[in-house]
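Provided herewith is a single structure, encoded as structure tokens, for subsequent inquiry.
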Amino acid sequence: MVGRFFAGLGNILVTILKAIAWILLHVLQLVLNVTKIFLLLFGLVGRVFLAFVRAGTP
């Protein structure tokens, strides 16, 4: 009886840890995707800025 209780408790703890790991991985993926978009936009703005600087210099 006590062994079954601890086995069930272990399964619950493993499920909770898996859920926490899943959430952390998805948060990390979200942060990396936002960073990628930010860097792409930064590069686009940099290219446009450099194009205007080159056009304005003789």
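Taking all protein chains in place and a 1.4 Å probe, what share, in percent, of the accessible surface of the chain do carbon and sulfur account for?
Summing carbon and sulfur atoms, their accessible area is 81 percent of the total for the chain.
Mind pulling the angle between the C-alpha long axis of helix 2-56 and the longest principal axis of the chain? Nearest 10 degrees, somewhere in 0 to 90.
Long axis of 2-56 versus the principal axis of the chain: about 0 degrees.
If R₀ is 35 angstrom, what is the calculated FRET efficiency for the pair residue 6 and residue 28, using the beta carbon separation as r and rounding to 0.05?
E between residue 6 and residue 28, to the nearest 0.05, is 0.60.
Given the convex hull over the Cα atoms of the chain, what projected area results after averaging over all orientations, in nm²?
The directionally averaged projection comes out at 3.6 nm².
How much length is gained if the chain between residue 53 and residue 41 is pulled fully straight, taking 0.36 nm per residue apart and subtracting their Cα-Cα distance, in nm to one decimal?
Between residue 53 and residue 41, full extension yields an extra 2.5 nm.
Continuing with the same structure: Averaged per residue, what accessible surface does the chain expose to a 1.4 Å probe, in Å²?
Averaged over the residues of the chain, the accessible area is 98 Å².
Once every DSSP H run of n ≥ 4 in the chain is given -39500 (n - 2.57) and the sum is divided by its residues, what mean residue ellipticity at 222 nm do you get, rounded to the nearest 500 deg cm²/dmol?
Taking each H run of at least 4 residues, the total per residue is -35500 deg cm²/dmol.
The values are calculated or read from the model by the stated rules, or taken from the named source; none is laboratory data. Predicted, not measured: the structure shown is a model, and the values here were computed from it. Note that each Cβ is placed from the backbone with ideal geometry, even for glycine, and that neighbours are counted across all protein chains shown. What goes into the accessible areas is simple: the full protein's heavy atoms, side chains included, and nothing from ligands, DNA or RNA. Shrake-Rupley method; radii C 1.70, N 1.55, O 1.52, S 1.80 Å.
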